[in-house]
């Protein structure tokens, strides 16, 4: 039974203070607030015609409830449920309308324990792509990808590629050819989903798309003007892997956001995944800059889809170290 | 029998002087010359891993031999041949290796008489995406789309959407709701193939992708430095329809090229095509600029796949006029 | 008796509706509103530490009260008054404090009848250069220059260069070597003051500086979003003369504004003025675009410093035509 | 006796390998090679109408022969010689023609021991500002400033401001109000000459101007493509002090170059110097990034104008430490 996963389409994540989160995501990053209530903030990018791509939920502790993928049709949900059940993985149905703006949702936990969800229906709203008068800050256009620490990248890779139908654009390998990190996609750019070797599962970052590098430069300037210099963790810079121009931020709760633009089209079936050596100085930042320790060590826990408790972490199977960039 | 068309992937087009063409496409636009012989110039964009996206063929007269679409697998060719034969449309097989760098090709003429081809195999080459030291001029990254005049846009639309599986992102309608132009895609951005109402079939332009607006601004500066002010026909500007930042050029033989960046993701099945009124001043150029008469009137003929003679033109079924922008 | 003119520093100009003007200059162009009363709007650019560079005055009819130059010291005003009196040109003193935020002002009419003023003192305010959170629209940084139609450019040139100590960066000459237009400066970029051959004196435009071309592109997008497509008269484009990236706008009263960036340093005493032929297609727009008729014909009247009535126009001494760009 | 210093206009500096230097400055940074001989490479920026702004001289050891200032007229040289002689500082005349492309030169050592020179005449050449077809790499437009470590910034400040007629745009002060660094100018942008507290005199960097931030981003990409990741020492980023967008590089001999754009106009006599606290995290990089230790410690020696030997260093009078950025 086959299915068609379209793209990563939303993330539901805890924050401790909705007003602080609003100031960061709306005023500084330029996301659009579709609506809010006492415990939720629903945000979208400027080009998005759907209700939201990010749900921030007020809570005492950080945690990610689910990474949401849009599928083509309702029947894809059934096919996906059958797959996860067959693998003995947790499955939970959420009825249409029980979450704001959403149709029926299939929530599962993947082979690494990451809470995923699949849905085919979300309310649509006015797209602000050409409301340039409303552009502010970093001018976020849409969600692009998520990146997760998992203890066994090879296992996650096999599940996503062989079972879920993702394709690989680029990957990082150790000297003895073990996959240390992988960039996987359904929509044809570099990724919807990346995995990196580390204690996990944990959410490393949510990648948000902007239209050009100057939006990132201006975003930094606005962040600094508003007193958010502490939020800037890494970059701006050019990635070797993906070729994207990027910036990594930490939101007021420490959740990591990447602002991202300028990768490339991966639609061709004969496009061969690009291999990077773990210790290539241009892999992380094409210009040679090293990432800070926090970028390698800190991440957000996932929450169990049944209990709501943090998903238990496992140690990485490959040596978990900051790449050793010898020059 | 189903098939999977990936994207528009190459155009084969006549030019009268290969050296002049090289100066324009390589030195001014920054395309990469993969190889050349006495009668052909094979060009690709900086991010392309395939041998070429543009074949310029030395000839006495202008003309387009084919618009080439990449398909997923060899068997898609059979399925497509069956469809075209069933419709009584011209079909021709070109064996693998008989065209430089190409596997087996299915060449056909579509419902409007446009010569198309489908293939699943092209030689791959080194990708220059991160050879920034080789970037020059407008820094063309890849082919993005083609746009054709056809006499009956509704008929072309129906064939591409209902028979070939394209989807529509945006369209222009007359006051009485007839489709005057349509933007259709397989890869999920605004288009692979656009049709506009006009005497046809004729190729209006080939759209080439760049990564950001400053590549277009710099491209104009380089063109002017090299004496190509006459080549700049329209723009740079922002399209209303598609939101792309654009520039239209005429190559030394008068063939029209669009440099294009900054449209948006159209992957969602529930994305509703955007309707533009023919007389909306922001449709063509969001900033209100009108296109020159040449842009509405001039185009390149297509060549019959069997005879090589220009495909006979039919007059447009809708009134063929330059939109009347009242202010 | 010598004096030191620093730079063009403000313009006082009529508008018919202050709210419409505010929407255009503040919301769309991104100028900072320092203060306003029932009949005045005081605006400055983001980098300016002074109270204003543009005073918009509510009035029934368009008209420019004065082009204001900042001088080094109070005694420069005396020296300038002596010069204008010696030449038999109109002179008027305005006491410190009688205009909002201003010290003592010397107002005069120059050899072409243009109302100028000289001052050395204006209140200073907080500079918003690094308040990126307040940036909007075209992000105007500061006033850069003014451009005026005068009937006899040679006469104006001689007065500004020989009497007022301006230097010439570039000029346009007819085939028989008469000066058709001239770009003159005190601060060392291309100009504070330009003169073009035409019925005059009239103000052709006020040039406002931005920091980079993307501010102009974004400015166009914001203008279009807000319904100001009619305001965009010419550009964006690259000037041949000056090398600046530019955009010409008409404010709600038809006054012309240029958004301008990217000329060059003219500090060297041995920099030789650059001569452009009137009919060089790259002179106006380096990319070959022609300016519209309105750009050649329409301008704002100046007002007499004593009577407040429009200064009487004289016909141009050189043939006043739109350059004939033969291609 | 007064004089008029126009701007910093050239630097003469040793390199050990002219071919390596050419690859870095011409191919990667995009400077124009005006001419070269066996022991000299004469480079200029794209907008410069003069023969060079940088002379690289083949030598065994690093060292800076002189920082060159252009003056208004020949008689300014006499006035300057008188000043330096009166102060008991070293003075040396170099006859016109004895250095390539140069008129008469006055070479001196300033109050900190820095070798300066003053000249009013340099050969002019074709300006390449509008030869966009020749733009490459970081597209250097012109020399903008130099920055030097000196042991006593207050003493250097007093000499340049009170004796040489420089003005101060911005400065860094310790908590007890001692000047730790100062930005001084003759041409009206942020600086021609900066001084920082440190063992000196040593040349910290030469600042080269580009027209916009994207030239710096592209410059980084080109440097990385060519294998120069090691050359990128700090940035790109936005300075708090000066507001410039910047990048610091080390040339193949370790000499430091800053690529710089986007400061502001400082022409007004009433512009008040901006004070920054030494420990303000946004002072160095507006976005909060810290500079690496090398940036604080390493610099190029100056050479004595008479002996050619390295000028002896003195320790800094203020505590010489990397600012302590507490957050």
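Out of the range C:258-283, which residues are in contact (Cβ under 8 Å) with a residue 12 or more places away in the chain, in a loop (DSSP other than H, G, I, E, B) and more than 21 Å from the chain's Cα centre (by Cα)? Even if it seems obvious, please write down each step before you answer.
Start the filter on the range C:258-283 by keeping residues that are in contact (Cβ under 8 Å) with a residue 12 or more places away in the chain, which leaves C:258-267, C:271, C:273-283.
Retained after the next criterion (residues that are in a loop (DSSP other than H, G, I, E, B)): C:262-267, C:271, C:273, C:278-280.
Once the filter is applied, which keeps residues that are in contact (Cβ under 8 Å) with a residue 12 or more places away in the chain, in a loop (DSSP other than H, G, I, E, B) and more than 21 Å from the chain's Cα centre (by Cα), the range C:258-283 yields C:271, C:278, C:279, C:280.
If you go through the range B:224-233 and keep only what is at the interface with chain C (Cβ under 7 Å from one of its Cβ atoms) and within 23 Å of the chain's Cα centre (by Cα), you end up with B:229, B:230, B:232.
Results for (1) without any contact (Cβ under 8 Å) to a residue 60 or more places away in the chain; (2) within 22 Å of residue C:153 (Cα to Cα); (3) within 14 Å of chain D (Cβ to nearest Cβ), shown as yes or no for each residue.
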residue: C:66; (1), (2), (3): no, yes, no
residue: C:70; (1), (2), (3): no, no, yes
residue: C:81; (1), (2), (3): yes, no, no
residue: C:94; (1), (2), (3): yes, no, no
residue: C:112; (1), (2), (3): no, yes, no
residue: C:116; (1), (2), (3): yes, yes, no
residue: C:121; (1), (2), (3): yes, no, yes
residue: C:124; (1), (2), (3): no, no, yes
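Filtering the range D:59-68 to residues that are in a loop (DSSP other than H, G, I, E, B) and surrounded by fewer than 22 Cβ atoms within 10 Å (Cβ to Cβ) leaves D:59, D:60, D:61, D:62. Of the residues in the range B:117-125, none is surrounded by fewer than 22 Cβ atoms within 10 Å (Cβ to Cβ) and closer than 30 Å to residue B:232 by Cβ. The residue that is surrounded by the most Cβ atoms within 10 Å (Cβ to Cβ), counting only those in the range B:187-221 that are within 14 Å of chain D (Cβ to nearest Cβ), outside any loop (DSSP other than H, G, I, E, B) and touching a helix residue (DSSP H, G or I) at 6+ places or on another chain (Cβ under 8 Å), is B:219. Counting only strands (runs of 3 or more DSSP E) that sit wholly inside the range A:1-58, those with at least 3 residues that are in contact (Cβ under 8 Å) with a residue 40 or more places away in the chain and within 14 Å of chain B (Cβ to nearest Cβ) are A:5-15. Criterion applied to B:152, B:133, B:175 was being within 14 Å of chain D (Cβ to nearest Cβ) and either modelled with pLDDT of 95 or more or more than 26 Å from residue B:264 (Cα to Cα) (or both), and the one residue passing it is B:133. The single residue among B:287, B:295 that is outside any loop (DSSP other than H, G, I, E, B) and in contact with a strand residue (DSSP E or B) (Cβ under 7 Å, 6 or more places away or on another chain) turns out to be B:295.
Here are some residues: B:247, B:241. Which one is in contact with a strand residue (DSSP E or B) (Cβ under 8 Å, 6 or more places away or on another chain) and under 30 Å from residue A:73 (Cβ atoms)? Steps first, answer last, please.
Values: B:247 fails: under 30 Å from residue A:73 (Cβ atoms).
Only one candidate passes the filter, namely B:241.
Rundown of residues vs (1) at pLDDT 95 or above; (2) within 14 Å of another protein chain (Cβ to nearest Cβ); (3) surrounded by 14 or more Cβ atoms within 10 Å (Cβ to Cβ), yes/no style:
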position	(1), (2), (3)
A:250	yes, yes, yes
A:254	yes, no, yes
A:263	yes, yes, yes
A:275	yes, yes, no
A:281	no, yes, yes
A:284	no, yes, yes
A:289	no, yes, yes
A:298	yes, no, yes
A:305	yes, no, yes
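When residue C:318 is tested against the conditions (1) surrounded by 15 or more Cβ atoms within 10 Å (Cβ to Cβ); (2) facing another protein chain (nearest Cβ under 10 Å), the lone failure is (2). In the set (1) touching a residue at least 24 places away in the same chain (Cβ under 8 Å); (2) assigned to a loop (DSSP other than H, G, I, E, B), the condition left unmet by residue B:148 is number (2). For the range C:81-102, residues that are touching a helix residue (DSSP H, G or I) at 6+ places or on another chain (Cβ under 8 Å) and part of a loop (DSSP other than H, G, I, E, B) total 2. Among the residues that make up the range D:113-130, is at least one of them under 17 Å from the mean Cα position of the chain (by Cα), in the same structural domain as residue D:26 (by TED's automatic domain parsing) and assigned to a loop (DSSP other than H, G, I, E, B)? Yes, because at least one residue in the range D:113-130 is under 17 Å from the mean Cα position of the chain (by Cα), in the same structural domain as residue D:26 (by TED's automatic domain parsing) and assigned to a loop (DSSP other than H, G, I, E, B). Could you tell me whether the range A:265-288 includes any residue that is over 25 Å from residue A:169 (Cβ atoms) and in the same structural domain as residue A:161 (by TED's automatic domain parsing)? No: the range A:265-288 contains no residue that is over 25 Å from residue A:169 (Cβ atoms) and in the same structural domain as residue A:161 (by TED's automatic domain parsing). Would you mind finding the one in B:184, B:134, B:164 that is surrounded by fewer than 22 Cβ atoms within 10 Å (Cβ to Cβ), farther than 30 Å from residue D:133 by Cα and in contact (Cβ under 8 Å) with a residue 24 or more places away in the chain? Result: B:164 is the single residue among B:184, B:134, B:164 that is surrounded by fewer than 22 Cβ atoms within 10 Å (Cβ to Cβ), farther than 30 Å from residue D:133 by Cα and in contact (Cβ under 8 Å) with a residue 24 or more places away in the chain. Residues that are in a loop (DSSP other than H, G, I, E, B) and away from every other protein chain (no Cβ under 14 Å) were ranked within the range A:155-172; the one that is nearest to residue C:220 (Cα to Cα) is A:166.
The values are calculated or read from the model by the stated rules, or taken from the named source; none is laboratory data. Everything numeric in this text was worked out from a predicted model, so none of it was measured. Cβ atoms come from the backbone with ideal geometry, glycine included; neighbour counts cover every protein chain shown.
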